[in-house]
Amino acid sequence: MVQALLASGGLHQFSVWIIILTPRLPRAQKDCQFTAVGSVCQMGSIMMRIELKINGSTMPAEVDDDTPLLWVLRDTLKLKGTKYGCGIGQCGACTVIVDGQTARSCSLAATAAVGLEVTTIEGLSANGDQFVQKAWQDIRVPQCGYCQSGMIMAATALLGKKLFPTDEDIDREITNICRCGTYDRIRAAIHAAANGRT
Amino acid sequence: MNTDRRSLLKSIAAVSAGVVFPVTMTGCRVADPKPSDSVELFSWVVMMPDNTVRIRIPQSDIGQGVVTTLSQVLAEELDLKWSSIRPEFFDPLTNLKRNNVYVYTCTESSWSADRLFNPMRMAGAQIRQMLLTAAARRSGFDVADLRTEESSIILPGGGRQSYAEVASAASHIAPPHPSRVKLKDPADYRLIGKPIKRLDLVPKTTGKLEYGIDVDLPGMLYAVVQQSPVYGGKLVSFDEQAIAKMPGVVGVVRIAAGPCGLNGPLADGGEDYGMDDAVAVVADSFWRARKALLALPIEWDDGEFAYTSSESIMADLVSRAGRPQPVVREAGDFAGSIGRAHRVIEADYSYPFMDAMPLEPINCTAWLNSDGLQVWASTQFAQEAHRLAAVTAGLPPERVQFNLPYVGGGFGRRCQNEYVSQAVQIAKAIPGKPIKMIWTREEMMARGYPPPITISRFKAGLDEKGNVIAWFNRVISGTAPDQSYGPARLPHYVPNLRIEYARVKTPQPFGWMRGVAFTQHVWMNQGFQDELAVAAGRDPVDLYMDLLDEGSVPSDLKGRDVAVRRIRHMRAVLKRVCQMAKWGTPLPKGRGRGISVSDFSYWDSYRTGTASSVVEVTLDGKGGLRVDRVFAVLNCGRILNPEVVRGQVEGSIFWAITTALYGKITLKDGRVVQRNFQDHNVARLATACRNIVVELVESDDHPAGVGEDAVPIVMTAMLNAIYDAGGPRIRSLPLSDHVLSFRKQDGSDALPGKPSGNP
Ligand code: FES
Ligand code: FES
């Protein structure tokens, strides 16, 4: 029903999720103007009840079918570690891991994540001791910290694919923005995480 | 329900902001109440029963680490156990009621260390005295016989009393007069100057830290706004019925233009105007509010700037540069000496509008109920935000509670507080409901507060030996406060010199951006000096050292000692960076080095550090540029926390690279052309330099600012390096507008030297 393709080069050099959405049949008809469920509303959006698998738990949510996963995470499920920065797939502040791949949750409809395993920063560890987080702390990466959830998720996905990423791998795969300019330490922390993992 | 919602929609749309709605709903206060058995001491700390200590931080943490560094300063003198510290942001209302007890609460100008180092050390020492006095009374010993360590008082014989035990008694003791308090010998510091890990390090890696955008309240509604897309435009009308049926939409609010809350009321009684009319759509989620706003038909009156563009502004600046302008500094006889010069060099430099673009989008949460008004906002200036919120709500300040969360980047953009006024106007229209207003990135880019667009025309004369004997600089910039210090307060004392400076009104309100006027003028001044060195066939370091000559400072100069100290500091960091970078050693073809040195002390009380940088670049001849290495040396006086300072220098380096590569905001028909990061790139890992070397100079001087110094010097060194590598002379920004091919055989620039109306 829903396919998600990882397309590199779709939007400039950045990896983005292209979503092919097959509209679902509404389950119930109700008033479409407020928090109605499953009704066809203006602007073509459909209110749906979905179940998402996030950080190992199943979480139900009622969403308009075009709502990006980002806003469902933040505002419906109150997982606020995932950040909004640009809303168009450019900055990576909203990066989460979907079935092992990074996804920019601002550009992925929540409905497209149904049936997939979503991991957010909250799912990495209870106390901040996942190996990438620990490397981030050892190298003292964060300044304002706002980009760092996305950075850590992107680094975690990269380290999941490659044991020892090279500088070129890092340049290619981590396209997230840090306005505070912590890039040097991010690079160092990724290498440290690779070398330090047990 | 529908009828209710529609009538609410109508009533909101019908009134303009400024009408006070009756408060209809009560809500509970959300601010964390002080536990009853905690003890506040001298406004600065709260001793908790478990012997943890809350330290009030009178600044916003925008990533520069003040939560940690200022805690180090106070805890040093108070002898606190580091692990017991629980910092919290100051409360502007308390500060107001207590006559500015927190001394300096605006987070701007890299001033936190400079302005708070003495007051917070003193506060720590005074509170320590209060605790000692209380312990002496209680134990019967003499104060002189007591010691403190790790949040405890040590009695003769080794008995201990925790601070928490004596805190209540101490709170009744008046703080001693500062003249009767002895501060520690810096040799005994165990916190100040140490590379302590940031107190908020772990939550900044777990997503648990709360920024303004994360505020969550029961029953909260979301607002998305659009200000007039043309600066200075007015709202004519909107058709709320077009979106009335959209799901979740609660209403449309008209937001009136007003002050942007930058500096508070001005000396002449006026205000900093900077906020134009706006429309807000309120809905039950951000996504729905955003969609509805996009669908809302809005009619604007574009006003006086409807046809103004960057091009037309630059053309105006260029034409003004052809006419004499007011003189702001003059020495000797420029006109005569230029006639006698062996060589005369001329060049025009220009600087475009820019945008600070912090990563956390602008947001503010406001909640008006019968208890008063509560506001949350990531701002750099909470005190002014509190004042502006009260004025906007029409409430006395005591009825407004301002809560300062962490800030996801400031860089000057959040010195303004117009978003606080906007959110309060919305909350007034929908009383009883907490409203979280979030700007889209598109709105942020459309409504920035840029540093001024600028043109800088230079003319200099060299004698036969290649010495600079005459210096002329005429600067015309867009809307800004008086920044004539940028061109005028050079550390050099060329014998014949004339500096002219003028400003014209441009559409956007002015804003401070990381690096302030130095990013423009240090680059322009030293880019041109680099040209002089090339023309004279001299090494630029040689030329800088000549210009940085103590002997050239006039003996009758007011503040001569400051001028001499500036020169000494600059020469020292310049020498050091040359050693680090092996300045003067040959590089292969296509590679080049640039160098720069400056302080930020152009403006009298602006005490920040002195920095020097060498940047190495490679050009591939086909337009490709790589920044290979960056060396930076900073002398910032006493270093409060070397790791934090290093982070600030590293951040400044990448800021400089972004500014050089991509920094430009373009106006067309009064509106900003760039919409989001797809139109305005920034440095990322692939474009950021991989090899940076930062060195900090040890010093016992008063601590100075560290957040900005490296910005102008790194940018200047990088742009000079491009020429050294065989590329064009860069006289306008950004680099992405230039073709970075090698210069032609005859040595002439690949590009015209004058801005061709293309800023
Ligand atoms: S918010 Fe998703 S990429 Fe910027
Ligand atoms: S740490 Fe501030 S944006 Fe990266």
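The values are calculated or read from the model by the stated rules, or taken from the named source; none is laboratory data. Worth saying up front: this structure is predicted, and the values here are computed from it rather than measured. Please note: Cβ atoms are built from the backbone with ideal geometry, for glycine as well, and neighbour counts cover all protein chains shown.
Have a look at A:125, A:105, A:149 and point out the one that is small (Gly, Ala, Ser) and within 15 Å of ligand 2 (Cβ to nearest atom). Walk me through how you get there before you give the answer.
On the way: A:125 fails: within 15 Å of ligand 2 (Cβ to nearest atom); A:105 fails: within 15 Å of ligand 2 (Cβ to nearest atom).
Criteria check complete, one pass: A:149.
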Next item on the list: Identify the residue in the stretch B:551-597 that is of a type outside the set (S, T, N, Q) and in a strand (DSSP E or B) and, among all such residues, is nearest to residue B:332 (Cα to Cα).
Entry: B:597
Next item on the list: Look through B:483, B:422 and report the one residue that is more than 16 Å from ligand 1 (Cβ to nearest atom) and touching a Ser or Thr at 6+ places or on another chain (Cβ under 7 Å).
Entry: B:483
Notebook entry, point to check: Here are some conditions: (1) charged (D, E, K, R); (2) within 16 Å of ligand 2 (Cβ to nearest atom); (3) assigned to a helix (DSSP H, G or I). Residue A:169 meets all but one. Which one does it not meet?
Noted result: (2)
Checklist line | Within the stretch A:67-86, considering residues that are of a type in the set (Lys, Arg) and more than 9 Å from ligand 1 (Cβ to nearest atom), the one farthest from the other protein chains (Cβ to nearest Cβ) | finding: A:74
Note to self: Looking for something at pLDDT 95 or above and not in a loop (DSSP other than H, G, I, E, B) - is there at least one such residue anywhere in the stretch B:702-709?
What the structure shows: no
Check: Right, residue B:112: at pLDDT below 95 and among the polar types (S, T, N, Q) or not?
Finding: yes
Margin query: I'm told residue A:89 meets every condition in (1) among the small types (Gly, Ala, Ser); (2) within 16 Å of ligand 1 (Cβ to nearest atom); (3) in a loop (DSSP other than H, G, I, E, B); (4) closer than 30 Å to residue B:67 by Cβ except one. Can you identify the failing condition by its number?
Written below: (4)
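Each row is one residue, and each column tells you yes or no for (1) modelled with pLDDT of 95 or more; (2) β-branched (Val, Ile, Thr); (3) in a loop (DSSP other than H, G, I, E, B).
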| site | (1), (2), (3) |
| --- | --- |
| B:674 | yes, no, yes |
| B:694 | yes, yes, no |
| B:713 | yes, yes, no |
| B:743 | no, no, yes |
Checklist line | Residues being more than 10 Å from every other protein chain (Cβ to nearest Cβ), touching a residue at least 40 places away in the same chain (Cβ under 8 Å) and either β-branched (Val, Ile, Thr) or under 22 Å from residue B:439 (Cα atoms) (or both) - total across the stretch A:43-66 | finding: 2
Check: Do the conditions hold for residue A:107, that is, is it out of contact with any Gly (no Cβ under 8 Å at 6 or more places or on another chain) and small (Gly, Ala, Ser)?
Finding: no
Notebook entry, point to check: Restricting attention to the stretch B:46-99, and to residues there that are in a helix (DSSP H, G or I), within 20 Å of residue B:644 (Cβ to Cβ) and in contact with a Ser or Thr (Cβ under 7 Å, 6 or more places away or on another chain), which single residue is nearest to ligand 2 (Cβ to nearest atom)?
Noted result: B:66
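If you go through the stretch A:138-173, how many residues are within 16 Å of ligand 1 (Cβ to nearest atom) and under 13 Å from the mean Cα position of the chain (by Cα)?
Pass one, the stretch A:138-173, residues within 16 Å of ligand 1 (Cβ to nearest atom): A:144-155, A:157, A:173.
Now restrict to residues that are under 13 Å from the mean Cα position of the chain (by Cα): A:147-155, A:157.
Residues flagged as within 16 Å of ligand 1 (Cβ to nearest atom) and under 13 Å from the mean Cα position of the chain (by Cα) within the stretch A:138-173 amount to 10.
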Checklist line | Residue that is crowded, with 21+ Cβ neighbours inside 10 Å, more than 14 Å from chain A (Cβ to nearest Cβ) and among the aliphatic types (A, V, I, L, M), where the choices are B:672, B:694 | finding: B:672
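Do we find that residue A:115 is in a loop (DSSP other than H, G, I, E, B), more than 14 Å from ligand 1 (Cβ to nearest atom), more than 8 Å from every other protein chain (Cβ to nearest Cβ) and in contact (Cβ under 8 Å) with a residue 60 or more places away in the chain in this structure? Quick ask: steps written out before the conclusion?
Working: in a loop (DSSP other than H, G, I, E, B): yes; more than 14 Å from ligand 1 (Cβ to nearest atom): yes; more than 8 Å from every other protein chain (Cβ to nearest Cβ): yes; in contact (Cβ under 8 Å) with a residue 60 or more places away in the chain: yes.
Yes; evaluated as a whole, the condition is true for this residue.
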Check: In this structure, does residue A:106 turn out to be more than 14 Å from the chain's Cα centre (by Cα), in contact (Cβ under 8 Å) with a residue 12 or more places away in the chain and within 16 Å of ligand 1 (Cβ to nearest atom)?
Finding: no
Next item on the list: Output the number of residues of the stretch B:578-607 satisfying the condition of being in contact with a helix residue (DSSP H, G or I) (Cβ under 9 Å, 6 or more places away or on another chain) and either within 22 Å of residue B:723 (Cα to Cα) or at pLDDT 95 or above (or both).
Entry: 12
Next item on the list: Being in a helix (DSSP H, G or I) and buried (at least 24 other Cβ atoms within 10 Å of the Cβ) is the filter here, so list the residues in the stretch A:134-149 that pass it.
Entry: A:135, A:136, A:148, A:149
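Could you count how many residues in the stretch B:290-302 are touching a Ser or Thr at 6+ places or on another chain (Cβ under 8 Å) and either outside the structural domain of residue B:441 (by TED's automatic domain parsing) or surrounded by fewer than 22 Cβ atoms within 10 Å (Cβ to Cβ) (or both)?
5
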Check: Taking the stretch B:677-687 only, how many residues are touching a residue at least 40 places away in the same chain (Cβ under 8 Å) and among the hydrophobic types (A, V, I, L, M, F, W, C)?
Finding: 2
Next item on the list: Check residue A:102 against each of (1) more than 7 Å from chain B (Cβ to nearest Cβ); (2) part of a loop (DSSP other than H, G, I, E, B); (3) polar (S, T, N, Q) and name the one condition it does not meet.
Entry: (2)
Notebook entry, point to check: If you take the residues of the stretch B:674-690 that are of a type in the set (D, E, K, R) and touching a helix residue (DSSP H, G or I) at 6+ places or on another chain (Cβ under 7 Å), which of them is nearest to ligand 1 (Cβ to nearest atom)?
Noted result: B:675
Note to self: Can you find, within the stretch A:123-160, the residue that is farthest from the other protein chains (Cβ to nearest Cβ) among those that are within 14 Å of residue A:98 (Cα to Cα) and in contact with a Gly (Cβ under 8 Å, 6 or more places away or on another chain)?
What the structure shows: A:160
Check: Which one is nearest to ligand 2 (Cβ to nearest atom), of the residues in the stretch B:405-432 that are under 20 Å from residue A:80 (Cβ atoms) and away from chain A (no Cβ under 14 Å)?
Finding: B:419
Notebook entry, point to check: Among (1) at the interface with chain A (Cβ under 10 Å from one of its Cβ atoms); (2) more than 24 Å from residue B:352 (Cβ to Cβ); (3) in a strand (DSSP E or B), which single condition is residue B:634 missing?
Noted result: (1)
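Answer yes or no as to whether residue B:198 is charged (D, E, K, R), buried (at least 17 other Cβ atoms within 10 Å of the Cβ) and under 23 Å from residue B:70 (Cα atoms).
Values: charged (D, E, K, R): yes; buried (at least 17 other Cβ atoms within 10 Å of the Cβ): yes; under 23 Å from residue B:70 (Cα atoms): yes.
Answer is yes for this residue.
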